[in-house]
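Reviewing the structure listed below.
The values are calculated or read from the model by the stated rules, or taken from the named source; none is laboratory data. None of the values given here were measured: they were computed from a predicted structure. Ideal geometry is used to build each Cβ from the backbone, glycine not excepted, and the neighbour counts take in all protein chains shown. Heads up: the accessible areas ignore ligands, DNA and RNA and are worked out on the full protein's heavy atoms, side chains in. Shrake-Rupley method; radii C 1.70, N 1.55, O 1.52, S 1.80 Å.
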Amino acid sequence: MSWPGVYPRYRDYLPPISDEHIVTLQEGGTPLVRAHNLERRFNLPCALYLKCEGANPTGSFKDRGMTVAISQAKQSGAQAVICASTGNTAASAAAYAARAGIKAFVIVPEGQIALGKLAGSMIYGAHIIQIQGNFDKALEIVRQIAEKYPVTLVNSLNPHRIEGQKTAAFEICDALGQAPDYHALPVGNAGNITAYWKGYGEYFAQKKIAKRPVMLGFQAEGAAPIVLGHPLEHPKTVATAIKIGNPASWQGALRACDESGGLITTVSDAEILEAYRLLAQHEGIFCEPASAAAVAGVLKLAQHNYFNRTSTIVCTLTGHGLKDPENALSAASTPTHIVRAELHAVVRAMGL
Ligand SMILES: *Cc1c(COP(=O)(O)O)cnc(C)c1O
């Protein structure tokens, strides 16, 4: 039987929605890949796994929450949904709304959306409104619109998003037969770290796992409000998916960190881009820059002997690299050769 999607698979853990309202693209069921080459290269004393969320239908983990949020919106008779987005939420909302026959409005920062995310939102037929401001401003505006007008907010402030996203923690436990010792992920608006912690907590309460992991969250140096302890007016980072100055789920992130005995810390853009290249060139996994922040953070902690010998670490790779082709082209170290269309010229370019 093929993977049914996160709602059908984990319905016992999710809010009740009747079958005819479920909107799914069979999201979830994503690969959990062991990073043997990085383990060897960095002499890691532990097992490192990558949860490849770029394998979701629109290329990011946002689909897990969106299937539940849009199904719920459909069940409650919503005619339109709205979100603020750095790109992936927009693409996901647009796809699920299209499938549900609901109108989608997406509010994005002008000129700051990676090409693949904008292309997705456009082809799925969303109404795209670019604002001359950043994500935080967009979120402020959509919150007000959703309060005053008959449109349903599908940002992660919508609790159904968090509900759907927690299923990634279930999948990891189901695959490993237990919780990992550590779970690392990038932190932007902080919905995902909140959702994972909820998911691990529920499996723990149901005695499906004997313990919960230590949660490790990573923000980009130029966009690290939680680490700094105050909101930022002008967050800056190459990792646009986590370029957020005032995270909506700030408290959820702190709770995950405190209750698990974990930490939230920073990685630089240079470290993010290095991990981004390493994942592609040594593991064959092309994620987007924001996703690489988790791996960058784990490699940094490993250098300080943070992990012990028997640990299992899972990093969530939140989105697919093809979302952001421009960053890939500029970060790739491999030169391309242009030569005459002749055998000898090609052989010479090959260095043979
Ligand atoms: C949304 C997103 C994030 C950040 O997740 P939050 O829940 O906002 O912390 C990280 N990476 C990618 C690729 C994303 O799309």
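What the table below lists for this structure:
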| quantity | calculated |
| --- | --- |
| Carbon and sulfur %, accessible surface of region 1-95 computed with the full protein complex present, 1.4 Å | 47 percent |
| Solvent exposure of the chain as accessible area per residue, Å², 1.4 Å probe | 44 Å² |
| Region 269-317: trypsin sites (Lys or Arg not before Pro) falling in loop per DSSP and having at most 11 other Cβ within 10 Å | R309 |
| Three-way shape label, region 136-256, alpha-carbon gyration tensor, a/c 1.5 | oblate |
| Burial order of peptide ranges 235-247, 24-36 (average beta-carbon count within 10 Å, highest first) | 235-247, 24-36 |
| Mean Cα-pair separation over length for region 138-260, i.e. relative contact order, pairs under 8 Å, 6 or more apart, % | 25 percent |
| Size of region 7-95 as Cα extents on the principal axes (Å, biggest first) | 54, 31, 16 |
| Net charge, S85 excluded, C-beta distance under 10 Å - Lys, Arg +1, Asp, Glu -1 | +2 |
| Area projected by the alpha carbon convex hull of the chain, averaged over all directions, nm² | 19.8 nm² |
| Cα shape, region 97-143, gyration tensor, a/c 1.5 rule | oblate |
| Charge dipole magnitude, Cβ of K and R +1, D and E -1 - region 273-346, Cα centre, debye nearest 20 | 220 debye |
| Over region 1-50, volume per residue of the alpha carbon convex hull, in Å³ | 121 Å³ |
| Mean projected area in nm² (Cα convex hull; one quarter of hull surface) for region 44-149 | 8.3 nm² |
| Given charges at Cβ of Lys, Arg, Asp, Glu: the chain dipole, positive-most of P8, L153, G191 | P8 |
| Gyration tensor verdict on region 195-328 (Cα atoms; rounded if a/c is under 1.5, prolate if a/b is larger than b/c, oblate otherwise) | oblate |
| Whole-number D in µm²/s for region 74-222 (Stokes-Einstein; Kirkwood sum over Cα pairs; 4 °C, 1.567 mPa s) | 78 µm²/s |
| The chain, dipole about Cα centre (Lys/Arg Cβ +1, Asp/Glu Cβ -1), debye to the nearest 20 | 340 debye |
| Antiparallel content of DSSP bridges confined to the chain, in %, to 5 | 15 percent |
| Label-point separation, R11 to E147 (7 Å along Cα→Cβ), nm | 3.7 nm |
| Isotropically averaged projected area of region 48-102, using the convex hull of Cα atoms (one quarter of hull area), nm² | 4.1 nm² |
| Inter-label distance, nm, simple model (7 Å from Cα along the C-beta direction), A119/K236 | 2.9 nm |
| Whichever lysines have a C-alpha closer than 30 Å to that of K323, once near sequence neighbours (fewer than 8 apart) are set aside | K51, K62, K74, K103, K117, K137, K166, K198, K236, K243, K300 |
| Whole-angstrom gap from region 316-335 to region 144-193, using each part's C-alpha centre | 24 Å |
| Sequence-separation-based contact order of region 45-180, relative, with Cα cut under 8 Å and 6+ spacing, percent | 29 percent |
| Computed [θ] at 222 nm, helices only, for the chain once each DSSP H run of length n ≥ 4 contributes -39500 (n - 2.57) | -12500 deg cm²/dmol |
| Ratio Rg/Rh, restricted to region 229-305 and using Cα atoms, in which Rh is the Kirkwood radius | 1.00 |
| Portion, in percent, of the accessible area of region 136-241 that falls on carbon or sulfur, probe 1.4 Å | 53 percent |
